[in-house]
1. What net charge do the residues around Pro69 carry, taking every other residue with its C-beta under 14 Å from that of Pro69, with Lys and Arg at +1 and Asp and Glu at -1?
2. With labels modelled as points extended 7 Å from the Cα through the Cβ direction, what inter-label distance (nm, one decimal) is found for Ile140 paired with Ser115?
3. Amide H of Ala17 versus every other amide H placed in the peptide plane: which residues, excluding those fewer than 5 positions away on the same chain, fall under 5 Å?
4. Can you give the longest stretch of the chain with no exposed loop site, where a site means trypsin sites (Lys or Arg not before Pro) in a DSSP loop (not H, G, I, E or B) with at most 12 other C-beta atoms within 10 Å?
5. How many nm separate the modelled label positions at Val25 and Val79, each set 7 Å beyond the Cα in the direction of the Cβ?
6. Which order results if Asp37, Asp130 are arranged by neighbouring Cβ count within 10 Å, fewest first?
7. What does the extension gain come out to for His38 and Val16, with contour length at 0.36 nm per residue minus their alpha carbon separation?
8. Expressed in nm², what is the orientationally averaged projection area of the convex hull enclosing the Cα positions of the range 16-143?
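Read-outs throughout are calculated quantities, based only on the coordinates presented, and are distinct from any laboratory measurement. What you see is a predicted model; the values in this text were computed from it and never measured. As a convention, Cβ positions derive from the backbone with ideal geometry for all residues, glycine included, and neighbour counts pool all protein chains shown.
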Amino acid sequence: MIYRLPVVIEAGRTTVAVNAGGAIVPAAVATYLICHDHLRLSALFATLVVTALTFAVARAVPGVGIVTPALLPPLAAAVAAILIGGHAVPAVAYVAGTLGTLIGADVLNLPRIRSLQAPVVSIGGAGTFDGVFLTGLVAILLASL
């Protein structure tokens, strides 16, 4: 994957951005599903599983940010949802994969941002957008089973 690096405006500073398509919209959809489908405990436990696995494999890439393997979050979400999901496997898969990826890859790695020497890091950006996007696809596939 090719990453476009931003121009350094002021050395030694890092701007933290939140990607609308990779963080805000998916988190809003996940929140809607939790409330609408009453997924509270099943979504919480599945999200914890995905968060832990994603955090374990997330890597800091100097000059780029935090990156994760693209297929791990959706596969972990699918397995966790099948085991924990109960009546709403596809919805739990979406919630766990989306929130687990954002929390495990981005939010829990915020303390490591300074060491990356990246001028801009994005929550839900290029390194985790793949995981969030693929999670939605896997959830749709589960729904069709």
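1. After counting each charged neighbour, the total is 0.
2. The answer from the label model is 3.8 nm.
3. Val121, Ser122, Ile123
4. Numbers: sites that count: Arg4, Arg13.
Longest run free of exposed loop sites: 14-145.
5. So the two model labels end up 3.0 nm from each other.
6. Values: Asp37 16, Asp130 19.
Starting with the residue having the fewest Cβ neighbours, the order is Asp37, Asp130.
7. Values: separation 22, 0.36 × 22 = 7.92 nm, distance 3.23 nm.
This chain segment gains 4.7 nm when fully extended.
8. Details: hull surface 26.3 nm².
The orientation-averaged projected area of the Cα hull of the range 16-143 comes to 6.6 nm².
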